[in-house]
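The values are calculated or read from the model by the stated rules, or taken from the named source; none is laboratory data. Just so it is clear, the structure is predicted and the values come from calculations on it, not from any experiment. Cβ: placed from backbone, ideal geometry, glycine included. Neighbour counts: every protein chain shown.
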Amino acid sequence: MGNVNFILFAFRVGLGVTLALHGWNKFHKGIDGTAGWFRGIGMRPAKLNAYLAACTEIGSGALLAIGLFTPFASAAMIGVMLVAYWVAHRKNGFFINNKSPGWEYVFIIGLSALVIGGIGPGEWSADDILGLSKPFYSTWWGFAISLVGGIGGGFAQLGVCFRPPKTD
């Protein structure tokens, strides 16, 4: 079981840190620039959504990295990736290239979050130390929380905040 725990730990930390840094970059590059881009793709109010995206990416990434409230962190990741897919990536095809942001990045982040949320964080996690991993998170409940919470949260945000820009 030690090898499985190491793999879950490495996968969880890698995914969490990657998304947290992706969120931090929104602040580092300037939240006003992020808000301007969000305005251009139809997210209203743009600045609030820029803060929400950055904070959700940082928070869910950090929680996943330490393995705390894992299915809820996974749900938040899935939600933010669903919104990113819908508003920015879906029309560009699968691959990211120098002309368009394809959707493979948001897909693999969301799928990975779902896997971690469903499997659970492993024994090397804050959830395990606090007794939250078993039996609740590492069952179908973790998968359901991640999937339903992520999709529900993503579509709720889209319903409230997404106003597609008018095209000529």
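Which one of these does G40 not meet: (1) surrounded by 17 or more Cβ atoms within 10 Å (Cβ to Cβ); (2) at pLDDT below 95; (3) outside any loop (DSSP other than H, G, I, E, B); (4) over 17 Å from the mean Cα position of the chain (by Cα)?
Status for G40: all satisfied but (1).
Hey, can you tell me all the residues within the stretch 129-155 that are at negative phi, surrounded by fewer than 20 Cβ atoms within 10 Å (Cβ to Cβ) and not hydrophobic (A, V, I, L, M, F, W, C)?
Result: K134, P135, T139, G149, G152, G153.
Could you please find all residues in the stretch 1-37 being surrounded by 13 or more Cβ atoms within 10 Å (Cβ to Cβ), free of Cβ contacts under 8 Å to residues at least 60 places away in the same chain and farther than 30 Å from G159 by Cα?
Answer for the stretch 1-37, where residues must be surrounded by 13 or more Cβ atoms within 10 Å (Cβ to Cβ), free of Cβ contacts under 8 Å to residues at least 60 places away in the same chain and farther than 30 Å from G159 by Cα: V13, G14.
Here's the yes/no breakdown for (1) surrounded by 14 or more Cβ atoms within 10 Å (Cβ to Cβ); (2) outside any helix (DSSP H, G or I); (3) touching a residue at least 40 places away in the same chain (Cβ under 8 Å):
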residue: E123; (1), (2), (3): yes, yes, yes
residue: D127; (1), (2), (3): yes, no, yes
residue: Q157; (1), (2), (3): yes, no, yes
residue: K166; (1), (2), (3): no, yes, no
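K99 is checked against (1) over 20 Å from I151 (Cβ atoms); (2) assigned to a helix (DSSP H, G or I) and fails just one. What number does that condition carry?
(2)
Among (1) part of a loop (DSSP other than H, G, I, E, B); (2) more than 30 Å from W141 (Cα to Cα), which single condition is F27 missing?
(1)
When S100 is evaluated against the numbered criteria (1) surrounded by fewer than 20 Cβ atoms within 10 Å (Cβ to Cβ); (2) of a type in the set (S, T, N, Q); (3) at pLDDT 95 or above, which criterion, by number, is the only one it fails?
Just one mismatch for S100, condition (3).
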